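Working notes, structure below.
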Amino acid sequence: MAAGVEKGVESQTSLSVQPGADLRVCVFGPLAVERGGVAIALPASRKVQALLVYLALSPVPVTRSRLCTLFWDVANDPRGELRWCLTKLRAILGRDRVVASGNRLALDLSEGFVDATAVAASVEAGLDSLDVDALQTLSASFSGDFMEGLEIERCPAFNRWLAEQRSRFAAYQAAIQERLAERLPTVERWCDIGRAVPAESAEILQRRAALAVMPFRDVEAGDAAHGGGVAAGLTYDIITRLAKLRHFFVIAQGSVFALAERDIGPAEAGRRLDVDYVAGGSVRRRNGDLVVTVELVETRSGRLVWSENFERKIDDFFSVLDEIGNSIVSSIAAEIETVERNCAILKPPSSLNAWEAYHRGLWHMYRFTREENATARHFFETAIRLDPTFSRAHAGISFTYWQSAFQRWDDLSHDIAEACDAAGQSLMVDDRDPVAHWAMGRALWLHGRHDESLTELQSAVDLSPNFALGHYALSFVQSQSGDPKAAILSSDHSRKLSPFDPMLFGMLGTRAIALARMGDYAASAEWALKAAARPNAHANILAIAAHCLALAGRLDEARGFVAGIRKSRPDYRSADFLSTFHFQPETAALFQQGARQLGLN
């Protein structure tokens, strides 16, 4: 990221920075810019204004190619037009605030203020620490629609991003109003307000499953735990981490604590909040151990979806809490996704909404066959047709093209281009969704742009440290052409976060490759066998097992896997294996050595 950009975002955690800011950008209502307290006349070009806001809100520098795709879908010279717009931006903001680093662009707003960024930072950091005056100031900042009147003709990608941002800020506005109502002297007013949210926010709720995490009970402290302590801290942490996954609508902390303080139990809270799932649990100490009990209930049926006891020795208290929190968040996310996928499968395809079509696509995607991959793409496309602003459906399409390229099922160059395009669409819609960065990181890997791939994948796990597939993808890239030790750490962490993941065969396989690169052929073979034993392991995973077993001298077992591969791919050779993965020359030579012993050359 350009120097000063991160600092600028961190400085905007409260609207209290507004009066002293040298530069002010207000995007609620008509776009307005002030420098030194003087209003700046903006150019008539909507693209210049839209480019300003897009860069101001981007959490990471943006490539020029992405901006060209975003704003100039049909242009003779998109890069020339981008240069013209940047000239106008420098005149508005000051030359030094437009930062170019290689092919990437960013705005240095370390001394500036953006109302939308300040609102987002306050909401995402948690509204519970703000008093009524601060909440009212936040609420008053919504003086109009986000980027009012800035739709751009013949720029569908930008308009999709704009629609998603409007939905996001409508949800933020609802959260602020909800928290403000809770802070008013008569808490009963909150129940009258309920979930009365703007229409845009209601669309989000229809698209995503809604979850409430009720405050954990401290068994020793009793009701006092609602006010603080380990149980309350764990609850806050879980809510925050689940929200960062951006896959579910997670009820704000203040709402669930307000209901708990009124002795409203999880079942009744679920009905009042109108959520699909309610999670909760308890914390206690036993013989020097910390014991956390968790339950996840589906409110539609009252069915207990998942429950678990986590018991850890209290050697390093905060480390133990972090580990337990990771396990709880990952398990809740995985269990909800499984339930949603299974529900979508039971419904007639013609009756699916966008959320259900997306999960139907996931169900088929994880079968890892050519036919199921095509079916998955159909359902992801259905989800986008129903909701063009559904970031994860675009990422799902990218995954299907990535899978087709990786398996060499269709035209390779076409699949790579489509994987990149769909990942770009996902980022344009929601560049704070870790799955969008994950999809782009994998697409860049297909292009052989490994450093850029790692940057995008690191962005994914930075946005959501509990995103298991992000850690797995880091392991995937590092295992082939990067640091094998880092690959092992990422593989282990991904499996710890999601021990029953549909991509578990890949998590195990990347560890096997990394160990082979480190010369530990015996361990490599064992991990490769674990990968190949997974029920959805495909030919390339079996090839990892064959090559690693050969290096370990276990030739009979290796030849058994070769025979298994050739049942579905009779012409499979070591060259197919080596061209599928992106190994460094010395690693390719190592696996060729094993292939010669198997007759795969």
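The values are calculated or read from the model by the stated rules, or taken from the named source; none is laboratory data. Bear in mind the structure is a predicted one, so any value in this text is a computation, not a measurement. In this analysis, Cβ positions are derived from the backbone assuming ideal geometry, glycine residues included, and neighbour counts consider all displayed protein chains.
So, of the residues in the stretch 244-296 that are of a type in the set (S, T, Y) and at pLDDT 85 or above, which turns out to be nearest to Y172 (Cα to Cα)? Working first, answer last.
Kept after step one, since they are of a type in the set (S, T, Y), are these residues of the stretch 244-296: 255, 277, 282, 293.
Subsequent filtering for residues that are at pLDDT 85 or above retains 277, 282, 293.
Working: Y277: 21, S282: 29, T293: 31 Å.
Step by step, filter the stretch 244-296, then rank; the result is Y277.
When you look at R160, is it among the basic types (K, R), at pLDDT below 80, surrounded by 14 or more Cβ atoms within 10 Å (Cβ to Cβ) and more than 30 Å from D421 (Cβ to Cβ), yes or no? Show your work before the answer.
Details: among the basic types (K, R): yes; at pLDDT below 80: yes; surrounded by 14 or more Cβ atoms within 10 Å (Cβ to Cβ): yes; more than 30 Å from D421 (Cβ to Cβ): no.
Here the answer is no, as R160 does not meet what is asked.
Take the stretch 86-113 and flag every residue that is part of a strand (DSSP E or B) and surrounded by fewer than 17 Cβ atoms within 10 Å (Cβ to Cβ).
A100, S101
Considering only the stretch 44-71, state which residues are touching a Cys at 6+ places or on another chain (Cβ under 9 Å) and either assigned to a loop (DSSP other than H, G, I, E, B) or closer than 19 Å to G102 by Cβ (or both).
Answer for the stretch 44-71, where residues must be touching a Cys at 6+ places or on another chain (Cβ under 9 Å) and either assigned to a loop (DSSP other than H, G, I, E, B) or closer than 19 Å to G102 by Cβ (or both): S45, L51, L67, L70.
Residue by residue, here is whether (1) over 26 Å from L412 (Cβ atoms); (2) of a type in the set (S, T, N, Q) holds:
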| site | (1), (2) |
| --- | --- |
| S494 | yes, yes |
| D501 | yes, no |
| L504 | yes, no |
| R511 | yes, no |
| A532 | no, no |
| H538 | no, no |
| A558 | yes, no |
| F561 | no, no |
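From (1) exposed (fewer than 15 other Cβ atoms within 10 Å of the Cβ); (2) closer than 19 Å to E153 by Cβ, pick out the condition that doesn't hold for L52.
(1)
Looking only at the stretch 592-601, filter to residues that are part of a helix (DSSP H, G or I) and closer than 12 Å to R559 by Cβ; which one of those is farthest from the chain's Cα centre (by Cα)?
Residue satisfying both the conditions and the ranking: Q597.
For the stretch 533-568, how many residues meet the condition of being over 35 Å from the mean Cα position of the chain (by Cα), among the small types (G, A, S) and under 21 Å from Q403 (Cβ atoms)?
The qualifying residues number 1.
Tell me which residues, restricted to the stretch 396-417, are in contact with a helix residue (DSSP H, G or I) (Cβ under 7 Å, 6 or more places away or on another chain), of a type in the set (A, V, I, L, M) and under 13 Å from W445 (Cα atoms).
Within the stretch 396-417, A405, I416 qualify.
Would you call D115 touching a residue at least 12 places away in the same chain (Cβ under 8 Å), over 30 Å from R154 (Cβ atoms) and in the same structural domain as E164 (by TED's automatic domain parsing)?
When the stated conditions are applied, D115 does not pass them.
Of everything in the stretch 397-422, what is among the polar types (S, T, N, Q) and closer than 19 Å to I544 by Cα? Give them in sequence order.
Result: Q403, S404, Q407.
Any residue in the stretch 342-357 that is within 12 Å of A383 (Cα to Cα) and in contact (Cβ under 8 Å) with a residue 40 or more places away in the chain sitting within a Cβ distance under 6 Å of a residue that is surrounded by 14 or more Cβ atoms within 10 Å (Cβ to Cβ) and of a type in the set (D, E, K, R)? List the pairs, counting only those 6 or more apart or interchain.
A354/R207; A354/D387; W355/R207
H471 passes all but one of (1) in a helix (DSSP H, G or I); (2) modelled with pLDDT under 95; (3) crowded, with 22+ Cβ neighbours inside 10 Å; which number fails?
Result: H471 passes all but (2).
Only one of these is outside the structural domain of F577 (by TED's automatic domain parsing) and more than 21 Å from W363 (Cβ to Cβ): G396, G448. Name it.
G448
When residues of the stretch 565-596 are filtered for being surrounded by 16 or more Cβ atoms within 10 Å (Cβ to Cβ) and of a type outside the set (D, E, K, R), how many remain?
Residues meeting the conditions: 15.
Does any residue of the stretch 343-360 turn out to be surrounded by fewer than 24 Cβ atoms within 10 Å (Cβ to Cβ), assigned to a helix (DSSP H, G or I) and of a type in the set (D, E, K, R)?
Yes; the residues of the stretch 343-360 include at least one that is surrounded by fewer than 24 Cβ atoms within 10 Å (Cβ to Cβ), assigned to a helix (DSSP H, G or I) and of a type in the set (D, E, K, R).
Restricting the search to the stretch 269-288, which residues are of a type outside the set (A, V, I, L, M), assigned to a loop (DSSP other than H, G, I, E, B) and surrounded by 13 or more Cβ atoms within 10 Å (Cβ to Cβ)?
Keep residues of the stretch 269-288 that are of a type outside the set (A, V, I, L, M), which gives 270-272, 274, 276-277, 280-282, 284-288.
Applying the additional criterion that residues be assigned to a loop (DSSP other than H, G, I, E, B) yields 274, 276, 287-288.
Correct list: D274, D276.
Just give me the residues in the stretch 86-114 being among the charged types (D, E, K, R) and within 24 Å of the chain's Cα centre (by Cα), in sequence order.
R104
Among the numbered conditions (1) part of a helix (DSSP H, G or I); (2) surrounded by fewer than 18 Cβ atoms within 10 Å (Cβ to Cβ); (3) at pLDDT 50 or above, tell me where V74 comes up short.
(1)
So which pairs qualify, if the first residue must be in the stretch 547-569 and assigned by TED's automatic domain parsing to the domain that holds A595 and over 20 Å from G519 (Cβ atoms), the second must be in a loop (DSSP other than H, G, I, E, B) and not hydrophobic (A, V, I, L, M, F, W, C), the Cβ gap must be under 7 Å, and the two must be at least 6 apart or on different chains?
So the pair list comes out as I565/Y572; R566/Y572.
If you scan the stretch 377-431, which residues turn out to be part of a helix (DSSP H, G or I), of a type in the set (V, I, T) and in contact with an Asp or Glu (Cβ under 7 Å, 6 or more places away or on another chain)?
Our first condition is that a residue be part of a helix (DSSP H, G or I); within the stretch 377-431, this holds for 377-386, 391-407, 412-429.
Right, trim to of a type in the set (V, I, T) and you get 382, 384, 397, 400, 416, 429.
Of everything in the stretch 377-431, those that are part of a helix (DSSP H, G or I), of a type in the set (V, I, T) and in contact with an Asp or Glu (Cβ under 7 Å, 6 or more places away or on another chain) turn out to be I397, V429.
Condition first: under 29 Å from L454 (Cβ atoms) and touching a residue at least 60 places away in the same chain (Cβ under 8 Å). Now tell me which residues in the stretch 39-61 satisfy that.
If the condition is that a residue be under 29 Å from L454 (Cβ atoms) and touching a residue at least 60 places away in the same chain (Cβ under 8 Å), then V53, Y54, A56, L57, S58, P59, V60, P61 are the ones that fit.
On the basis of being touching a helix residue (DSSP H, G or I) at 6+ places or on another chain (Cβ under 7 Å), without any contact (Cβ under 8 Å) to a residue 60 or more places away in the chain and more than 20 Å from P30 (Cα to Cα), does P78 make the cut?
In short, yes.
Identify, from the list D133, D128, the residue that is part of a loop (DSSP other than H, G, I, E, B) and closer than 23 Å to A258 by Cα.
Values: D133 fails: part of a loop (DSSP other than H, G, I, E, B).
On inspection, the qualifying residue turns out to be D128.
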